[in-house]
1. For the charge dipole of the chain, defined by +1 on Lys and Arg C-beta atoms and -1 on Asp and Glu C-beta atoms about the Cα centroid, which residue among SER40, PRO20, GLN71 has the Cα displaced farthest towards the positive pole?
2. Determine the gain in length on full extension of the stretch LEU68-TYR38; use 0.36 nm per residue of separation and subtract their C-alpha separation, reporting nm with one decimal.
3. What do you get for trypsin sites (Lys or Arg not before Pro) in the stretch 32-66 restricted to DSSP loop and a cutoff of at most 13 other Cβ within 10 Å of the site's Cβ?
4. When the helices in the chain are scored as -39500 (n - 2.57) per DSSP H run of 4 or longer and the sum is shared across all residues, what 222 nm value do you end up with, to the nearest 500 deg cm²/dmol?
5. Running a GNM on the chain with Cα contacts under 10 Å, which residue among SER50, SER77, SER40 ends up with the highest mean-square fluctuation?
6. I need the shape label for the chain. Rule: rounded when a/c is under 1.5, else prolate if a/b > b/c, else oblate, with a, b, c from the alpha carbon gyration tensor.
7. I want to check the label-to-label distance for GLU81 and LEU58. Put each point 7 Å from Cα in the C-beta direction and report it in nm to one decimal.
8. Is the shape of the stretch 45-87 best called rounded, prolate or oblate, per the rule: a/c under 1.5 gives rounded, else a/b larger than b/c gives prolate, else oblate, with a ≥ b ≥ c the square roots of the Cα gyration tensor eigenvalues?
Amino acid sequence: MFDWFKKDKLPANVLPFPAPAPRLVEPPKAPEKESITYYSIGHTDDNRVSIRMGYTTLAMNYKGVQNLIDQLELYQSQLHEEQDEQG
């Protein structure tokens, strides 16, 4: 009489219920990496230049800074001379 157990078959005059639209799920954003400070150069209140690298802080007056610049320029020129000899 009644077809109670065959619910998967729909009569021809009944439209099937539409399937839900797929939801677009955005992937989680990658966590932002904290920036790492390798060194910082600053100016102190007693007119000195401070260079901070890691846990070490070096404070110098103008003459000390100029001496450091001269030493680094000399070291840089020595590196260029070594590269010219090798190449």
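1. PRO20
2. 8.9 nm
3. Counting only loop positions with at most 13 other Cβ atoms within 10 Å, the trypsin sites (Lys or Arg not before Pro) in the stretch 32-66 are LYS33.
4. That calculation yields -10000 deg cm²/dmol at 222 nm.
5. Looking only at SER50, SER77, SER40, the largest GNM fluctuation is found for SER77.
6. prolate
7. Computed distance between label sites GLU81 and LEU58 equals 2.2 nm.
8. oblate
Taken together, the values in this text are just the output of simple stated rules run on the coordinates, not laboratory data. All values reported here derive from a predicted model rather than from experimental measurement. Reconstructed Cβ throughout: ideal geometry from the backbone, glycine too, with neighbour counts over all protein chains shown.
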